[in-house]
Structure formats: structure tokens, C-alpha cells
Amino acid sequence: MASFQFNTPLTEADVRQLSVGDSVTLDGVVFGIRDASLIRMFDKGVPCPVDLRGAALLHTAPNVRKLPDGRYEPLCIGTTTSMRMDRFTEALLRDHGVRAILGKGGLSAKSAELMAKHGAVYLSVTGGAAAGQTLQVEAIEEVHWEDLMPECLWKFRVKAMGPLTVGIDARGANLQLDVQREAERRSAEILKAMGAA
């Protein structure tokens, strides 16, 4: 397993060199996105207000404080579970050119196939690491669709965000599914041994 540092936006060449289990840190812009903003884009057909080509998207609904000058201060930039947003993966990769999705818990086998096809990766965020992750956000540069608060579309300026683990690589290998299958295999062995005891 190797370690990589990238500046966003990402290129297809950047992500094609990654393998599941590799460690990644990101500098630059990461966009925060969640159910409500994705529903607005894809179910309601509202054009995305930012260019997502080469983007890294973080599944989040952050805790923030609005300052007197209108800017937002990050209080807790946590990560949410990705699977319920799985259905948006194809359009994000195909139509918007997204190169990385950051979240917890992984995505489906179908999304892994799409990442291989379009040249993208899923980067797993360590659960419970919101305090450290928040310190890696240097600024909230833009907020779109504030009426969806906190599920707006956020533009975060980050420094050394990570380490992130490659959970799905651009060849379609899926670490989360591999771990799940191994756990199921071991569980079956244990249950079988208990029945024989």
C-alpha cells in the first residue's frame, strides 16, 4: 500500500494510479454535498452552481456558525454514511466529471463498476474523526443553496485532509465489499463450529 498527496481538482491520471488500501491526503478545494443538495440537482433538475469537473465531494452536513460578515466558520465538519446517496453516483461521474467521493461505509458494487468506467475513486473517511477533519478545513469559501442548511453545497478549502483510505479504486476493486464478504465467511465458519460443538 502506498501514500499519495494530491491537489484538487483531480485528474483521471491521478486517480487511476490508486489501489484499494492506499492512503491519500488532499489539498485545495473539497465540496461538501448531501442528500438534499443531490436531490435538488438530480431529482428536481436544478443546475449545479459550481463546476464539479475533477472535484472531490465530501458527504457531509456540517455544523457551522454564521459570522457577522456573512461568512461561515466550521465548528464540526463530520462525514456521513454514503450508501443512501449511492443512486447519484452515475450522474456525478458521467455528467459532472467528479473524480473522488469521500464518505463513510462505502458504496455499492454498481458504483464500483461506474468508478472503473469513468475513472473515479471512493475515499473512506475514518469514522469518529470529525474533530481532526474539522482542523483540516482552512476556510469555507462558498455556500450555495443556503435554504437547504445544513445540506447546502459547500466549498471547503482544505489542507492535508486525511489520511483517507481508498475504499474503491478506478479498477472497480471494492474494499468495503471485500471486508463484508470475509466477515460473512468467518461468521459462517464460527456458526458451523458452534453447531458441531
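The values are calculated or read from the model by the stated rules, or taken from the named source; none is laboratory data. Quick caveat: nothing in here was measured; it's all calculated off a predicted structure. Here the Cβ positions follow ideal geometry from the backbone for every residue, glycine too, while neighbour counts run over all protein chains shown.
Assess whether LEU92 counts as being at pLDDT 95 or above and under 14 Å from ARG34 (Cβ atoms). So LEU92 passes the test. Do we have PHE42 as within 18 Å of GLN136 (Cα to Cα) and either touching a helix residue (DSSP H, G or I) at 6+ places or on another chain (Cβ under 7 Å) or aromatic (Phe, Trp, Tyr) (or both) here? No, not satisfied. Scanning the range 65-84 for residues that are surrounded by fewer than 22 Cβ atoms within 10 Å (Cβ to Cβ) and not charged (D, E, K, R) returns LEU67, PRO68, GLY70, TYR72, PRO74, LEU75, CYS76, GLY78, THR80, THR81, MET83.
Determine whether VAL121 is closer than 15 Å to PHE156 by Cα, surrounded by 14 or more Cβ atoms within 10 Å (Cβ to Cβ) and modelled with pLDDT of 95 or more.
No, not satisfied.
Restricted to strands (runs of 3 or more DSSP E) entirely inside the range 13-86, those with at least 2 residues that are within 14 Å of the chain's Cα centre (by Cα) and not polar (S, T, N, Q) are 23-33, 56-59. The residues of the range 147-169 that are within 14 Å of the chain's Cα centre (by Cα) and under 20 Å from LEU107 (Cβ atoms), listed by number, are LEU153, MET161, GLY162, PRO163, LEU164, THR165, VAL166, GLY167, ILE168, ASP169. Per the conditions (1) free of Cβ contacts under 8 Å to residues at least 40 places away in the same chain; (2) closer than 21 Å to LEU175 by Cα, the sole criterion not satisfied by VAL98 is (1).
Could we say that ALA91 is surrounded by fewer than 20 Cβ atoms within 10 Å (Cβ to Cβ) and more than 11 Å from the chain's Cα centre (by Cα) here? Yes, satisfied.
Picking from CYS76, CYS48, which residue would you name as being of a type in the set (A, V, I, L, M, F, W, C) and at pLDDT 95 or above?
Values: CYS76 fails: at pLDDT 95 or above.
It is CYS48.
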